[in-house]
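Below you'll find the structure, written out as structure tokens, and then a few comments.
The values are calculated or read from the model by the stated rules, or taken from the named source; none is laboratory data. All of these numbers come straight from a predicted model, not from anything done at the bench. Cβ placement follows ideal geometry from the backbone for every residue including glycine, while neighbour counts extend to all protein chains displayed.
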Amino acid sequence: MRLCIVGIGGMGGKVAHEFLANEDFESCRLTKLTGGEHVTSGGIKGVWLESDENEAKNKNKFFKDGRQNPHDYPLYFIPHDMVPDGHPVHVAIKKKYGYDIKKQGYVRDAQYLKAVYEIFEDDPEIRGKLLDLRSTNPIFDCAWAAVRPYTTLGRGKCDGILFIISLGGGTGTGFVNPIVQHIRSTGKGDYPVFVLGVLTEEGTASDREQYAKEGKRNLGAISSIYDLLTKGGGVDGLILVDNQILLSRCEGDYTLANRYLHQVSLPLVAARDYPGEKPPSPAVRAFSTEGWSFPPILVPCYSRIRRRSGSEASLVEEALSKGRLFGCQPQDADKAIVFCRGYLDSGKIRNAIVGHIPDLTADKIAVWRKLGENSHEELLILLRNPYGSPGSYQIEGTLEWRLHRVIASAITYMEGHKPDLLYIKGYSESTQDDELTVTDETRQALEDFFYGDRGLKAELEVAMKRLEDGTKPFFKRPLRIFDIPDPKSVSPLVIEDNKTTPAQRAQIKKMIQEELREMGLKV
Amino acid sequence: MINMKLYFSAGVIILCLLLVTLTPASGQDEDDYEGPPPNGDGDAGSRDSSGGKSKLSLNQFVRYLESWQRDNSDKYRYMTQLLRQGNPESYKVPYIWLYYNGNLTVSRNEIPKIYFVVENPNSLDLRRTLFVDLQAKLPGEREYHNVNQIPQVVQPFDYVVSGERNITSLKKWPEINSFTQIGGVGEVKLRAYMHDGTRDYYSSGRSNTTHPHYGEMTINITNAPPQLFNATLVGPQSPRYNDPLEYVAEVFDPDDDLMAVRLHITDPAGREVRNETQEAKSGRVSFKAAQYGFFGEADAGKNFTYYYSLDDGIDITSFPPRDNPNATFEGPNIRSTPKLWVENLHVEPVDKNYYYWDEYNFSVVMRNQEPYSIEIPVTLKIKTKDKNWKGVETRTVTVTPDSKRIYFSTDDAFDVLDRGSDFSFRFEYQEYDQNNERSAEMQWYEPLNQRLMKYDLVSIPIGINLLFVLILPLLGGIFLEKWMGKGRLG
Amino acid sequence: MNMMQVSFLAIVMLLLLGLVAHILNVRRVHRRIEMLEHKAVPKEELLSDLYSCQGSNFNALALSAWILFLTALFFLYLLTPELFQDRNYFIQLPRMASSLGGLALFGLLGSVMMILVVVGSEKMPESLQYYRLAELYGYYSMSRNEKRAMIAAIPLLWVSILISTHMATIHPTFWAPEWWAGFTLLFASLSLLIWPMAKEMWEGRS
């Protein structure tokens, strides 16, 4: 499994830095002489996608500007730079929708990029103005073009992508879904894509770091999670990490937390697989998505102990009890994907897991081993969908509990900040954000999106209920901001098969399955 | 005479026949030995069955004679004596002369083909054994002397009949194989001398001989003089009086005589100053000047010449020929030998550490004892545990009558192999010094320093070396990695 | 046996220790993997999976360090007659040693020999590829800090060579503390070079 690490946003970049740090001895002159390459653990490659030019150019010393130094490595890209300032499409979107796609540092609204993406994807008028840019969706095309060369879809060797984002931040939260959608829309429906999302911590401690208050962060986070978990043909797994837990383990140090996150991921990305146990990403993807129609939630549980004989049980015990990086009840998991490092017996690992999660049979536990350090052994268990017990939302430390609180916070924010969400004049409460002015059309669409009967708020309330009842999944129906009709279509109900994209087809399939379930039919 | 002989023989035969027929057949005794009985060969004269006397055939008679000679030799001899008793004066004088068909002027080393011939008119039974010598009379001699050692013998039966004559074939003296054996040169008379035990006969008694027959032969024997070739003087171009000089020449005598080879050394005026003689046969002769003491110190600065004379006992020849007394071989020209005074050898290193790479000032005090300046080449040589008098420098220096210190400054005297070694040094020159030597040497009391490296750590050479040593591995590692690419992702 | 001979033996023993540790490490991994897999695992396959690139810069410097090590060893023991009284550069080839480029030639000898060893080790078959010097560190997991520490062997070796050179320039004068300093640096640098093997051998013990 050789992943392409794509860090999106500030936090994504910092964590990606940890992943992509050069294992080699650093020296520019020496590199020129030896013809050396950037070497990372496991041979992973990666890129950083950022929106804030200041953050990218001035504060960062690791990633190089991909537009100016395309042969350097590793690189960062600012995708919205693809649209020149004053370009007709820039003007047209501003005029029609009120969105300034050249704005420095994205508006810290998760739906902002979602909206921009939908505009590019669906508005033919806008698409018609993109001819000179040779791209129908320049921002996301640029992002994909930055990532693709490292993948097997390009000339690279990475057979899967891992997006690293901060859920509740700005860029990552808003960017990840559109980019995933974009990847799928290019016809790469079965290419493994995972997202490692770090949920912003509770409280106000992160407000300054994330340039947004808790409620807004939670709304952004949950919007992003919602889209990730409901988009058919989207990601193959959302690895949820609670930044609260990370920081508690790292004494509140963000840098340490980033480093810890990298360490936790080593069983997943490091090299030195056991002979015959080199899982390609599609295999992991297949295991991860099998028997589940929606993108699954994967909760990482990590442990690291000094090497000793018979350590499998201890590792599993440690991981499932103290090593959970997101609150959950392991016994609710319907699958376990195990990556470990050390001299470990896969049978014993399975037995140990089964000991903790009796409902998991051995065939629902995949174990892939690597050789690690001699002194320590490590175990990373990705528990699939470790939730679903009724009433668990009341138990602190469960997934239901955590997400229930986030959803509640988001709903509260929505209820109390309607002008902010609808960009009504004078709304801005943050000195960081300039005021946006959107068109009435856009505002209406946003109002429907957020507050409509089948809008986000309503869906979140339903989701809360599902969490309380222990229903899986809790997010089901995908949402759109804009519903732009195709003027070529005769009837919205007429679907010309040869014109539907795979993504659309998948979405239709999901919708039918949902309807059938609601009708009580087993699918 | 021949008829007489024939009649005599016939008479003997008849008498014998008569004796035989009249003698009774049986009752033989020793005195009446008749010879063996006939052997039944069918000859005439076989015994008849009545035992009576038979006829005697010739063969039988011959057999009788043979048996008598064999079985009763004394009687037989007496018989023949009786039969022979006749006129003692019937023994005839044999004749001898020389036979020579060659040139009458010969060289001493030629092989003489001189033969003799004897004619003997006596019958076989009267002939005597003859003994023949070759005699010669040299110029100025009065008497003949024998040339050969062993006389040749002519046996009574050693004749062939040639017509009515009994004559020998040509005989020679085998031991005489050179005219040298005759013992002289000039007009030599030769004759043959013969005796039969009672009388002497000389070939010179015959006067009516014609070539190639001689009673007395006069032959002119000449002598081949000795020759000399490749006369050379071996030695230095401009030798000193005591330099090794050798007079060398090739001598040759056609007669293979032992020669007396004499070397004459002359002054430029042609006056002989000394000579030496060696006896030698054909081959190389040499006269070593040192061995014979030809030259002394007093001869320094003088020029000499030389010539050879060869005496083979008969002739004396000079080389070059002395028809011109001034004709000589040139050399040697003895160079003058100034005497040097050499003293106070010294060496001074520039650096008191006595490093082998340092510059050293070798010096010596020299003066010429003669009242003039000379320029002579002087060579400085060094001896260490590694070097055995290795030449360091050669210079031509001017040596004056005044003492002067001569310096040889060099940093090339020693090399790294000499470090730690004791050393000696010497000056060599081509003239003799007060000790009659041509060199002066000295062993120095201070050994060379053991240090090997010339350079200090902080110096450009070491710096460059170190740079190379320290950087090369880096480059090696970089090159290996670039080539093999082990550190790069596959 | 004098102290210098003992020191040389110590170097040799340390080198052997590294070699033995490396061989044992690989064998141990193989044995353990086979135990865990409950089947025979071809060595070539294991070695291929075990190997991970450490980066060209590090590899180049590691190779440089080994080349420097042999050069420093030559300089310390074979340049002057302190240890090998008859078999050393000064005695065997004094003319070359004292020449303008004598030291450089000697250093070249050491470097070339080690390069030949590296290149020669490449001929090892796949089942013995862990003997390839250029791939040595690919069988060990090393952090960036450990790599930096290892590369510190290079300046240590430089100083050792510098010390040996100084001793050569003052030979026959001999100052024991200086020599021991050179030896200590050599020993320390060798320790750094074989550290990953020794560490793995120690940590991996059952």
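Residues that are touching a strand residue (DSSP E or B) at 6+ places or on another chain (Cβ under 6 Å) and either of a type outside the set (Val, Ile, Thr) or assigned to a loop (DSSP other than H, G, I, E, B) (or both) within region B:135-164 comprise B:135, B:136, B:137, B:138, B:139, B:144, B:146, B:147, B:148, B:151, B:152, B:159, listed in sequence order.
Taking the numbered list (1) under 19 Å from residue A:172 (Cβ atoms); (2) outside the structural domain of residue A:195 (by TED's automatic domain parsing); (3) in contact with a Ser or Thr (Cβ under 9 Å, 6 or more places away or on another chain) in turn, residue A:326 passes all entries but (3).
A quick yes/no check of all residues on (1) within 50 Å of the chain's Cα centre (by Cα); (2) within 14 Å of chain C (Cβ to nearest Cβ); (3) farther than 30 Å from residue C:100 by Cα; (4) assigned to a loop (DSSP other than H, G, I, E, B):
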{"position": "B:388", "(1), (2), (3), (4)": "yes, no, no, yes"}
{"position": "B:397", "(1), (2), (3), (4)": "no, no, yes, no"}
{"position": "B:421", "(1), (2), (3), (4)": "no, yes, no, yes"}
{"position": "B:447", "(1), (2), (3), (4)": "no, yes, no, yes"}
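Scanning region A:42-80 for residues that are surrounded by fewer than 18 Cβ atoms within 10 Å (Cβ to Cβ), out of contact with any strand residue (DSSP E or B) (no Cβ under 8 Å at 6 or more places or on another chain) and in a loop (DSSP other than H, G, I, E, B) yields A:61, A:62, A:68, A:70, A:71. The single condition from (1) in a helix (DSSP H, G or I); (2) surrounded by 16 or more Cβ atoms within 10 Å (Cβ to Cβ); (3) modelled with pLDDT of 85 or more that residue A:475 fails is (1). Per the listing C:14, C:36, the residue uniquely within 10 Å of another protein chain (Cβ to nearest Cβ) and touching a Leu at 6+ places or on another chain (Cβ under 8 Å) is C:36. Under the condition of being buried (at least 16 other Cβ atoms within 10 Å of the Cβ) and more than 7 Å from chain C (Cβ to nearest Cβ), the residues counted in region B:466-484 number 2. Among the conditions (1) within 19 Å of residue C:18 (Cα to Cα); (2) in contact with a helix residue (DSSP H, G or I) (Cβ under 7 Å, 6 or more places away or on another chain); (3) more than 11 Å from chain B (Cβ to nearest Cβ), residue C:129 misses just one, which is (3). Exactly one residue out of A:39, A:83 is surrounded by 21 or more Cβ atoms within 10 Å (Cβ to Cβ), among the β-branched types (Val, Ile, Thr) and within 14 Å of chain C (Cβ to nearest Cβ), and it is A:39. Is it the case that region C:109-116 has a residue that's at pLDDT below 95, in a helix (DSSP H, G or I), more than 8 Å from chain B (Cβ to nearest Cβ) and closer than 19 Å to residue B:453 by Cα? Yes: one or more hits. On inspection, residue C:120 fails the criterion of being within 11 Å of chain B (Cβ to nearest Cβ) and not aliphatic (A, V, I, L, M). Taking (1) more than 7 Å from every other protein chain (Cβ to nearest Cβ); (2) closer than 30 Å to residue B:355 by Cα in turn, residue B:431 satisfies each apart from (2).
Does any residue of region B:454-465 turn out to be acidic (Asp, Glu), within 10 Å of chain C (Cβ to nearest Cβ) and surrounded by fewer than 16 Cβ atoms within 10 Å (Cβ to Cβ)? Among the residues of region B:454-465, at least one is acidic (Asp, Glu), within 10 Å of chain C (Cβ to nearest Cβ) and surrounded by fewer than 16 Cβ atoms within 10 Å (Cβ to Cβ), which makes the answer yes.
For region C:66-82, a residue qualifies if it is surrounded by fewer than 24 Cβ atoms within 10 Å (Cβ to Cβ), under 14 Å from the mean Cα position of the chain (by Cα) and not aromatic (Phe, Trp, Tyr), and the qualifying residues are C:70, C:73.
Of everything in region A:5-36 that's in a helix (DSSP H, G or I) and hydroxyl-bearing (Ser, Thr, Tyr), which residue is surrounded by the fewest Cβ atoms within 10 Å (Cβ to Cβ)? Per the criteria, the residue is A:31. Residues in region A:365-405 that are of a type in the set (Asp, Glu) and either at pLDDT below 90 or touching a Phe, Trp or Tyr at 6+ places or on another chain (Cβ under 6 Å) (or both): A:373, A:396, A:400.
Condition check ((1) loosely packed, with under 14 Cβ neighbours inside 10 Å; (2) under 12 Å from residue B:366 (Cα atoms)) across all residues:
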site	(1), (2)
B:401	no, yes
B:434	yes, yes
B:442	no, no
B:448	no, no
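Looking only at residues of region A:147-189 that are of a type in the set (Val, Ile, Thr) and assigned to a helix (DSSP H, G or I), we find that the one that is surrounded by the most Cβ atoms within 10 Å (Cβ to Cβ) is A:173. In this entry, residue A:304 passes the filter for residues that are basic (Lys, Arg), in contact with a His (Cβ under 9 Å, 6 or more places away or on another chain) and closer than 19 Å to residue A:245 by Cβ.
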